[in-house]
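A quick write-up on the structure given underneath.
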Amino acid sequence: MGQHRIPVRRIQPRYCSNLANTRVTSRERRTTVNKFKTQLASGPSFQDFIKGVSVIRTHAADGEYSDTHGYLSQELEMGNSRKVYFETYGCQMNVNDTEIAWSILQRRGYERTVDLNEADVVLLVTCSIREKAEQTIWNRLQQLKAMKRKRLKTRTPMKIGILGCMAERLKTDLLEQEKLVDVLAGPDAYRDLPRLLTVADGGQQASNVLLSLEETYADIMPVHHAPQGYSAFVSIMRGCDNMCSYCIVPFTRGRERSRPVSSILEEVRMLSDQGVREVTLLGQNVNSYRDTSEQFCGSDPTQLSRGFKTVYRTKQGGLRFSDLLDRVSRIDPDMRIRFTSPHPKDFPDEVLHLIAERGNICKQIHLPAQSGSSQVLKAMRRGYTREAYLDLVKNIKRIIPEVSLSSDFISGFCGETEDDHQQTLTLIREVGYNVGFLFAYSMRKKTHAYHRLQDDVPAEVKQRRLEECISVFREEAARVNTALIGSTELVLVEGESKRSAEDLCGRTDGNMKVIFPKQDVAAQAPESDAAPINAGDYVLVKILSANSQSLRGRALSHSSLRGTDTTMIETCP
Ligand code: SAM
Ligand code: SF4
């Protein structure tokens with residue numbers, strides 16, 4: 001609890017490039033670097049790199065994307081088999097951003113390594129959401145700096161790059177404070193990474209932290225990670241227009257923009273062809289999706305959940321989240337569809353009915369509440385009251401009776417009283433979530449709260465309230481999970497359980513972890529011999545026990561999603 005879970009997954013490259021296999025001798029590399037140094041001498045100044053770049057983007061004849069700059073040739077921006085090591089911190093968006101950044105570098109002939117000791121380039125994909133997240137990166141930078149110093153004496157220098165939200169928030173302060181950081185790239189600047197790394201190779205620091213109104217990386221096929229290739233994240237929108245008073249995201253990730261539906265469908269089709277069994281659609285406000293490209297522009301106002309409002313004027317037209325969800329879920333009836341992180345304001349009834357009707361859209365909704373007190377919600381600028389949130393929960397449970405709900409809460413926000421905190425505890429009890437992400441409030445510079453409100457709840461009070469929230473959450477989650485004992489759940493198998501090689505582990509439709517003994521079970525139909533269970537299989541599991549974190553059970557038989565949803569098969573093209 002208390003942290004977004006980041007699965008650490010083995011790399012399975014899905015994008016192949018001949019460039020990645022091009023090896024060069026150290027002599028060739030020296031010649032290239034010398035040529036680059038000569039060009040750089042007559043090139044732009046450091047100032048050009050910290051302000052951003054003038055990049056001329058061209059679409060090559062084969063449809064691949066290419067960036068060109070007036071003063072650095074493509075040849076100079078090649079990775080020449082240099083080895084890149086990534087470390088990813090924070091939310092699932094960062095996992096997906098890592099895949100995008102790697103896809104871009106792989107096209108330019110970089111190689112990826114999982115061994116830090118052999119890395120030529122170390123890239124940290126960072127998070128700024130709370131002070132603690134940034135502190136972790138600062139500590140890691142100290143370790144890397146020591147490593148880099150040692151390395152200087154022996155081999156080619158190691159380059160360190162900071163990618164993502166922390167690069168965006170701290171900008172050149174980071175370069176000045178941390179002299180050994182070579183490259184900064186904000187969340188909208190990953191296309192520029194090859195150039196930035198080439199500049200760094202010539203011995204200069206390089207930075208691009210420009211935010212974009214359009215960048216969605218629609219044409220970059222991410223190189224997905226998955227232990228057995230069964231699950232993948234697909235980014236559908238970026239940025240946030242909500243400006244909650246505590247949150248740094250609108251400043252680090254920029255304005256909301258959606259990736260065109262055609263490129264999302266293409267990626268999901270490709271994943272389905274590769275045997276992926278579960279796709280999670282990603283975005284900072286995933287259900288605010290609105291594709292205004294091509295012919296979908298219409299003029300209908302965006303429908304919100306009842307009783308919710310926005311800080312911005314109602315947006316008109318575009319293809320909405322329900323349209324996208326409908327199309328994505330029709331691609332492969334045997335592929336589970338999840339989405340995160342949604343905002344509670346964007347759950348009009350049509351989205352809920354679609355989730356209820358479509359067998360492969362998981363009946364699991366993340367519904368970040370943040371607080372149970374209307375007074376605190378107002379100070380947070382969330383656009384809803386406790387009553388509106390509870391009405392939405394009621395509506396969701398009416399339309400999707402078997403739904404599993406999860407949430408985010410912040411303890412100790414500016415002005416939160418003991419009574420406000422008690423209201424949060426009663427809300428947690430009333431809703432009955434099965435998973436929760438709970439945080440102590442962490443003041444972030446630039447935000448509305450930083451400028452206008454007082455961070456007046458003492459650290460120890462925040463901590464005590466956080467612990468009380470966690471404890472009520474655990475009780476409620478245990479109660480919700482215990483109600484599943486005796487039921488039979490369709491589980492997508494992830495692999496061996498971490499605790500025991502005798503057990504397997506998988507997830508229910510509601511995203512609960514299930515552990516069950518490894519054993520051969522009957523194949524689906526016709527009734528036939530028992531077959532072993534592998535990662536990526538769907539199996540029916542009888543639930544025998546439960547606690548707040550997971551379920552335990554016994555596998556009954558192999559199964560599939562198709563078997564559980566006949567309407568879906570009929571409506572699929
Ligand atoms: N967009 C989603 C929403 O607001 O409905 C949530 C995404 S946000 C990136 C992830 C979570 O981080 C938030 O729901 C909130 O609970 C937490 N968070 C954001 N800013 C925070 C801060 N300054 N201190 C503590 N937690 C914070
Ligand atoms: Fe942050 Fe609010 Fe946007 Fe969520 S909706 S990312 S909490 S500003």
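The values are calculated or read from the model by the stated rules, or taken from the named source; none is laboratory data. Since this is a predicted model, take the numbers as computed values, not measurements. Positions of Cβ are generated from backbone atoms using ideal geometry, with glycine treated the same way; all protein chains shown enter the neighbour counts.
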**Message:** Pull out all pairs, ordered by first then second residue, where Cβ-Cβ is under 8 Å, the residues are six or more apart or on different chains, the first lies in the range 354-366 and is part of a loop (DSSP other than H, G, I, E, B), and the second is among the acidic types (Asp, Glu) and surrounded by 21 or more Cβ atoms within 10 Å (Cβ to Cβ).
**Reply:** Asn360/Asp332; Cys362/Asp509; Lys363/Asp509
**Request:** Can you tell me which residue within the range 276-290, out of those that are within 15 Å of ligand 1 (Cβ to nearest atom) and not hydrophobic (A, V, I, L, M, F, W, C), is surrounded by the most Cβ atoms within 10 Å (Cβ to Cβ)?
**Result:** Gly283
**Request:** Considering only the range 219-275, state which residues are of a type in the set (D, E, K, R), surrounded by fewer than 18 Cβ atoms within 10 Å (Cβ to Cβ) and within 16 Å of ligand 2 (Cβ to nearest atom).
**Result:** Asp241, Arg255
**Request:** Given the conditions (1) in a helix (DSSP H, G or I); (2) within 16 Å of ligand 1 (Cβ to nearest atom); (3) of a type in the set (D, E, K, R), report the number of the one that Arg255 does not fulfil.
**Result:** (1)
**Prompt:** Does the range 422-437 contain at least one residue that is of a type outside the set (A, V, I, L, M), closer than 17 Å to Arg382 by Cα and either surrounded by 21 or more Cβ atoms within 10 Å (Cβ to Cβ) or more than 16 Å from ligand 2 (Cβ to nearest atom) (or both)?
**Reply:** yes
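Specify the residue that is farthest from the chain's Cα centre (by Cα); the eligible residues are those in the range 360-373 that are closer than 24 Å to Ile248 by Cβ and polar (S, T, N, Q). Reasoning before the result, please.
Initially, the range 360-373 is screened for residues closer than 24 Å to Ile248 by Cβ, giving 366-373.
From what's left, polar (S, T, N, Q): 370-371, 373.
Details: Gln370: 19, Ser371: 23, Ser373: 28 Å.
Residue satisfying both the conditions and the ranking: Ser373.
Going through the range 180-204 one residue at a time, which ones are closer than 19 Å to Gly79 by Cβ and assigned to a loop (DSSP other than H, G, I, E, B)?
Applying the first criterion (closer than 19 Å to Gly79 by Cβ) to the range 180-204 yields 182-185, 189-204.
The answer is Asp182, Ala189, Gly202, Gly203, Gln204.
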**Request:** For residues that are of a type in the set (A, V, I, L, M) and surrounded by fewer than 12 Cβ atoms within 10 Å (Cβ to Cβ), scanning just the range 114-151, find the one that is farthest from Asn94 (Cα to Cα).
**Result:** Ala146
**Message:** Considering only the range 196-213, I want to know if a residue exists there that is away from ligand 1 (no atom under 16 Å from the Cβ), buried (at least 22 other Cβ atoms within 10 Å of the Cβ), more than 24 Å from Ala133 (Cβ to Cβ) and among the polar types (S, T, N, Q).
**Reply:** yes
**Complete:** Counting only residues in the range 305-321 that are buried (at least 20 other Cβ atoms within 10 Å of the Cβ) and either hydrophobic (A, V, I, L, M, F, W, C) or within 21 Å of the chain's Cα centre (by Cα) (or both), the one modelled with the highest pLDDT is identified as Phe321
**Fill in**
When the range 464-499 is checked residue by residue, the ones that are within 25 Å of Asn360 (Cβ to Cβ) and acidic (Asp, Glu) are Glu489, Glu494
**Close pairs (7 angstrom Cβ cut-off, 6 or more residues apart or separate chains): in a helix (DSSP H, G or I) in the range 406-428, within 14 Å of ligand 1 (Cβ to nearest atom) and aromatic (Phe, Trp, Tyr) anywhere** = Thr424/Phe409; Ile428/Phe473
**Residue among Cys247, Cys240 that is more than 17 Å from Ile100 (Cβ to Cβ), free of Cβ contacts under 8 Å to residues at least 60 places away in the same chain and within 16 Å of ligand 1 (Cβ to nearest atom)** = Cys240
**Prompt:** Given the range 478-531, what strands (runs of 3 or more DSSP E) lie entirely inside it while holding 2 or more residues that are of a type in the set (Asp, Glu)?
**Reply:** 488-496
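Out of Lys345, Lys378, I need the residue that is within 16 Å of ligand 2 (Cβ to nearest atom), in a helix (DSSP H, G or I), surrounded by fewer than 20 Cβ atoms within 10 Å (Cβ to Cβ) and charged (D, E, K, R). Which one? Show your work before the answer.
Working: Lys345 fails: surrounded by fewer than 20 Cβ atoms within 10 Å (Cβ to Cβ).
None of the others qualify; the one that does is Lys378.
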**Message:** Being modelled with pLDDT of 95 or more, closer than 26 Å to Asp326 by Cα, crowded, with 21+ Cβ neighbours inside 10 Å and away from ligand 2 (no atom under 16 Å from the Cβ): is that true of Ile396 here?
**Reply:** yes
